[in-house]
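The values are calculated or read from the model by the stated rules, or taken from the named source; none is laboratory data. The structure displayed is predicted, hence computed values, not measured ones. Heads up, the Cβs are rebuilt from the backbone with ideal geometry, glycines too, and the neighbour counts pull from every protein chain shown. For the accessible areas, the whole protein counts, side chains as well, though only heavy atoms, and no ligand, DNA or RNA atoms are used. Shrake-Rupley method; radii C 1.70, N 1.55, O 1.52, S 1.80 Å.
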Amino acid sequence: KINRLVDYYAHRPQVQERLSIQLLNELTTTLNTEDVIVVICAKHLCVSSRGIKDETSSTTTSFYSGKFKNDNTKKEFHHYLNS
């Protein structure tokens with residue numbers, strides 16, 4: 001259950017990059033494969049609630065392992081995402 005996994009790690013105060021890495025490591029272990037991609041696109045309350053108060057911006061992080069580190073495989077994956 002990926003939603004439970006994300007919920008578990010997201011409750012900890014941390015930066016989005018660390019959350020992405022934690023999810024990548026957990027999925028790699030749980031699925032017993034090195035071939036994992038984690039892409040997180042999130043809106044941050046600190047940006048929308050304070051300071052600039054920009055409610056439209058978001059931050060995307062992505063981490064790749066295994067065969068997805070190969071540029072051709074990465075491009076193919078992003079092609080399917082954009083289709």
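Somewhere in the stretch 70-82, is a residue charged (D, E, K, R), outside any helix (DSSP H, G or I) and more than 14 Å from the chain's Cα centre (by Cα)? So far as the stretch 70-82 goes, no, none of its residues is charged (D, E, K, R), outside any helix (DSSP H, G or I) and more than 14 Å from the chain's Cα centre (by Cα). Residues in the stretch 36-62 that are modelled with pLDDT of 90 or more and open to solvent by 60 Å² or more (accessible area, probe 1.4 Å): V39 alone. If you check N82, N72, N32, N25 for being on the phi > 0 side of the Ramachandran plot, among the polar types (S, T, N, Q) and open to solvent by 80 Å² or more (accessible area, probe 1.4 Å), only one passes: N32. The residues on offer are K74, K43, and the sole one that is over 18 Å from Q16 (Cβ atoms) and touching a strand residue (DSSP E or B) at 6+ places or on another chain (Cβ under 9 Å) is K74. Of the numbered criteria (1) among the aliphatic types (A, V, I, L, M); (2) over 27 Å from Y80 (Cα atoms); (3) in contact with a helix residue (DSSP H, G or I) (Cβ under 6 Å, 6 or more places away or on another chain), the one I40 fails is (2).
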